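See below for the structure under consideration.
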Amino acid sequence: MEPIVLTYQVDGEDFSAAGEASSSVKKTLKQLGFSPDVIRRVAIAMYEGEINMVIHADGGEARVEITQSTICIILADKGPGIKDINLAMQEGYSTAPEEVRNLGFGAGMGLPNIKKYSDELKIDTELGVGTTLTILINT
Amino acid sequence: MMNVHELAKACGFTYFSGANAEARPVCGAYCCDLLSWVIGRAGDEDALVTVMSNTNVMAVAVMADLPCVILSEGVKPDERALEKAIENDIIVLSSPDPTYATAVKIYEVLKSV
């Protein structure tokens, strides 16, 4: 199977609309016949990444490369970058603002959840430049 | 094994949406209002019991593939949340009781099967 590539602009303005890209990927994977477990892992990992881009980076770009054996999600933003990756990977550590917490997010679970549901997670980040997450899920 | 509609009927929950949606199996419940916890920890056969009623709850229900959302304390979904629930065929139920009492009721019903 030729790799299928999907690209999205993630809007940073509208927090309540966050998840549109993940939702679209979920539908595509379903149509392609991937197993419910794989679809669920991709949807959760990508949604958490999407939410992070909305909270911290005013949106960004999402690229999803689908082959029979792997699904690779690349989330690139031009946000502030992550100061301390070890801290950010700890459950419960969060720098999200109060209004985001009031909506039920910002509990410091985003990156740990992505790691939990993916097979590989690579974080490239530079302060003041941005962050790119590369999330790999084996099918 | 019980499905969502059987559970709703047995517990006396009413429907905000999804009365005709697919009857997915339910094996338990996950009770939490922090959505990042829900998405990381709830299983795909867990009913979500929460007082959080915004549109993000519906997005989480879709992404984590949850069989239903049960709003406790008689909480009503806001307009956008309800639209999203209908659009995505999510079963959203209402319980007049607090989260703990709602969960106990679910437990008793599931145990009796």
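Derivation of every value follows stated rules applied to the coordinates shown; laboratory data play no part. Bear in mind the structure is a predicted one, so any value in this text is a computation, not a measurement. Every residue, glycine as well, gets a Cβ built from its backbone with ideal geometry; the counts of neighbours run over all protein chains shown.
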Next on the checklist: Using a Debye calculation, one point per C-alpha and no hydration shell, please list log10 I(q)/I(0) for region B:1-48 at q = 0.29, 0.31 Å⁻¹ in order.
Outcome noted: -1.11, -1.15
Item to check | Computed helical MRE - 222 nm, chain B, DSSP H runs ≥ 4 contributing -39500 (n - 2.57), nearest 500 | outcome: -11500 deg cm²/dmol
Next on the checklist: Can you give the local net charge around B:GLU22? Use residues other than it whose beta-carbon is closer than 12 angstrom to its beta-carbon, Lys and Arg +1, Asp and Glu -1.
Outcome noted: -1
Checklist outcome for this item: Quick note on A:VAL64, B:VAL92, B:VAL104, A:VAL5, ordering by fewest other C-beta atoms within 10 Å, gives A:VAL5, B:VAL104, A:VAL64, B:VAL92
Checklist entry - Of A:LYS30/A:LYS122; A:LYS26/A:LYS78; A:LYS26/A:LYS115; A:LYS30/A:LYS83; A:LYS78/A:LYS115, which sit over 28 Å apart, Cα to Cα? => result A:LYS30/A:LYS83
Item to check | Positive minus negative residues near B:THR99 (Lys, Arg vs Asp, Glu; Cβ under 10 Å) | outcome: -3
Checklist entry - How large is the dipole of chain B about the Cα centre if only Lys and Arg carry +1 and Asp and Glu carry -1, each at its Cβ, rounded to the nearest 20 debye? => result 200
Checklist entry - Counting other C-beta atoms within 10 Å, which of A:TYR93, B:TYR100 has the fewest, and how do the rest follow? => result B:TYR100, A:TYR93
Checklist outcome for this item: Scalar couplings 3J(HN,Hα) for region B:15-25 by Karplus 6.51 cos²θ - 1.76 cosθ + 1.60 (θ = phi - 60°), nearest whole Hz, x for Gly and Pro, are 9, 8, 7, x, 4, 10, 6, 3, 7, 6, x
Checklist entry - To the nearest 10 degrees, how steep is helix A:36-57 against the longest Cα principal axis of chain A, on a 0 to 90 scale? => result 30
Next on the checklist: Can you give me the C-alpha center-to-center distance between region A:38-92 and region B:35-113, rounded to a whole angstrom?
Outcome noted: 25
Checklist outcome for this item: Exposure-ranked with fewest Cβ neighbours within 10 Å first, B:LYS111, B:LYS84 stand as B:LYS111, B:LYS84
Checklist outcome for this item: For A:GLU48, the net charge from surrounding residues (Cβ-Cβ under 14 Å; K, R +1; D, E -1) works out to +3
Next on the checklist: I want to make sure I understand the PRE zone here: with the label point 7 angstrom from the Cα of A:ASN138 toward its beta carbon, which residues in region A:39-75 have backbone N atoms less than 17 Å away?
Outcome noted: A:39, A:41-42, A:67-73
Item to check | Net charge dipole size for chain A [Lys, Arg +1 and Asp, Glu -1 on Cβ; Debye, nearest 20] | outcome: 480
Checklist outcome for this item: Taking chain A and counting helices only, DSSP H stretches of n ≥ 4 at -39,500 (n - 2.57) each over all residues, the nearest-500 ellipticity at 222 nm comes to -11000 deg cm²/dmol
